[in-house]
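Report on one structure; see the data block that follows.
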């Protein structure tokens, strides 16, 4: 993969200890639990742990070199001492990125990033040796790790980019150097940190701005007005447009249009119109919610952009399995559970509630919700909004748990037309919630389970 001679050239201002330039490196890791023989270990100082404390451990597990900010006494492996190991991690990843010969797609957005990434992977793997971000390694540490895991023989790469602050997507774009870009949507994830939807838009658009300067290509979601506005203002030339609708009567000007046909408990039927290839194909996917058909449209658009026909894309999606805790469907004792608790923000909550409300085969519609995170200063208002949506969508029975459960209740009970019931639990009352929930559920109920990752709402299913 690499050798120390290359690293000495790349980090020419770094201090090298125990240097031997002919040492070969087969992998790069920042977690000693994944270290294997001939690894380069990147020591990173975090909020809770300092990776420099594990250099000897990494050496004992097979690491032959270490990228670090300070010397470790007693270590015999090569030590490359830099000012900032996270920044150096990114520089090393950019160096490896420049060795890759395949197209790289950069992907970000407020909702649906990981699901869309995996849908695109499913489609593109039909024709190309495709690699992608694994899990949610999408931050300034995860993106370098992702890129350095890509083999040189890859034919298509997908790099997911997360964002917590202004400038972060721009930084990740410099590391990944994408040839093409896709933004799923602009929503209110992280609105507490960034302050406004316009600030979120500006932060997400850093990906498009980078690829525009590079004169790369774009997959454009015309269903999102803020993305549409960017296209109108910047007029990128190399684009493919897509959208999703649940009405046959909607007129469409995009190149790939997905229209919902019908849905059952764990799947949806849809049809795709592609003006670019003059195709119309009907398909089915085992994932719920009209919002996920937007992600399906994105994946098909990427496939078409890179030379696949629509029929191949749709056929590939038939066997798609959603990522863990993202719109997973479980059935037990006649009750259907929609487990969508990897993350949550106001917009993804509203989409999931809307999807539950339109489930025709449900005897009763039940929601089990926990706190939404990263809403600094706006928690009460936005939990109330979701509470109102639960009532307006006529959810029959709602269980809420966490620090903002009373705000859910306040919003729910503010809707006079509501005929449903809401039950509130404090954060430490999970056992009581489980006891009440499973004594109340009946055959034919559909249960949405959703919250931000920090809430660990999936514990309700531990029986």
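Taking the options 53, 47, name whichever one is over 21 Å from residue 150 (Cα atoms), outside any strand (DSSP E or B) and modelled with pLDDT under 95.
Exactly one residue qualifies, and that residue is 47.
Look through the range 382-403, keep the residues that are within 26 Å of the chain's Cα centre (by Cα) and surrounded by fewer than 24 Cβ atoms within 10 Å (Cβ to Cβ), and return whichever of them is nearest to residue 432 (Cα to Cα).
403
Here's the yes/no breakdown for (1) loosely packed, with under 15 Cβ neighbours inside 10 Å; (2) within 25 Å of residue 178 (Cβ to Cβ):
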| residue | (1), (2) |
| --- | --- |
| 14 | no, no |
| 21 | yes, no |
| 24 | yes, no |
| 27 | no, yes |
| 30 | no, yes |
| 48 | yes, no |
| 52 | no, no |
| 68 | no, no |
| 87 | yes, yes |
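Residues that are under 28 Å from residue 310 (Cβ atoms), modelled with pLDDT of 90 or more and assigned to a loop (DSSP other than H, G, I, E, B): does the range 196-211 have at least one?
Taking every residue of the range 196-211 in turn, none turns out to be under 28 Å from residue 310 (Cβ atoms), modelled with pLDDT of 90 or more and assigned to a loop (DSSP other than H, G, I, E, B).
Filter the range 274-288 for residues that are within 11 Å of residue 311 (Cα to Cα) and either part of a strand (DSSP E or B) or touching a strand residue (DSSP E or B) at 6+ places or on another chain (Cβ under 8 Å) (or both) and give the result.
Listed by number, the residues that qualify are 274, 279, 280, 281, 282, 283.
Could you tell me which numbered condition residue 307 fails, if it satisfies all but one of (1) farther than 26 Å from residue 180 by Cα; (2) in a loop (DSSP other than H, G, I, E, B); (3) out of contact with any helix residue (DSSP H, G or I) (no Cβ under 8 Å at 6 or more places or on another chain)?
For residue 307, the exception is condition (1).
Of 173, 223, 233, which residue is within 22 Å of residue 348 (Cα to Cα) and either at pLDDT below 95 or part of a helix (DSSP H, G or I) (or both)?
Answer to the selection: 223.
Looking for something within 26 Å of residue 189 (Cα to Cα), at pLDDT 90 or above and surrounded by fewer than 24 Cβ atoms within 10 Å (Cβ to Cβ) - is there at least one such residue anywhere in the range 330-340?
Yes, some residue in the range 330-340 is within 26 Å of residue 189 (Cα to Cα), at pLDDT 90 or above and surrounded by fewer than 24 Cβ atoms within 10 Å (Cβ to Cβ).
Considering the range 1-30 alone, what residues qualify as being farther than 18 Å from residue 150 by Cβ and in a loop (DSSP other than H, G, I, E, B)?
Matches in the range 1-30: 11, 12, 13, 14, 18, 19, 20, 21, 22, 23.
Would you tally the residues in the range 179-211 being out of contact with any strand residue (DSSP E or B) (no Cβ under 8 Å at 6 or more places or on another chain) and over 25 Å from residue 372 (Cβ atoms)?
1
Run residue 427 past the list (1) modelled with pLDDT of 95 or more; (2) surrounded by fewer than 19 Cβ atoms within 10 Å (Cβ to Cβ); (3) closer than 20 Å to residue 345 by Cβ and report the number of the one that doesn't hold.
Failed condition: (1).
Test each condition in (1) closer than 23 Å to residue 104 by Cα; (2) modelled with pLDDT of 90 or more; (3) touching a helix residue (DSSP H, G or I) at 6+ places or on another chain (Cβ under 6 Å) for residue 314 and report the one that comes out false.
Only one criterion in (1) closer than 23 Å to residue 104 by Cα; (2) modelled with pLDDT of 90 or more; (3) touching a helix residue (DSSP H, G or I) at 6+ places or on another chain (Cβ under 6 Å) is unmet by residue 314, namely (3).
When the range 259-270 is examined, which residues are found to be surrounded by fewer than 16 Cβ atoms within 10 Å (Cβ to Cβ) and part of a strand (DSSP E or B)?
Answer for the range 259-270, where residues must be surrounded by fewer than 16 Cβ atoms within 10 Å (Cβ to Cβ) and part of a strand (DSSP E or B): 261, 262, 269.
Restricting attention to the range 139-161, which residues are part of a loop (DSSP other than H, G, I, E, B) and touching a helix residue (DSSP H, G or I) at 6+ places or on another chain (Cβ under 7 Å)?
If the condition is that a residue be part of a loop (DSSP other than H, G, I, E, B) and touching a helix residue (DSSP H, G or I) at 6+ places or on another chain (Cβ under 7 Å), then 140, 141, 161 are the ones that fit.
The values are calculated or read from the model by the stated rules, or taken from the named source; none is laboratory data. The structure displayed is predicted, hence computed values, not measured ones. Don't worry about glycine lacking a Cβ; one is built from the backbone with ideal geometry, like all the others, and counts go over all protein chains shown.
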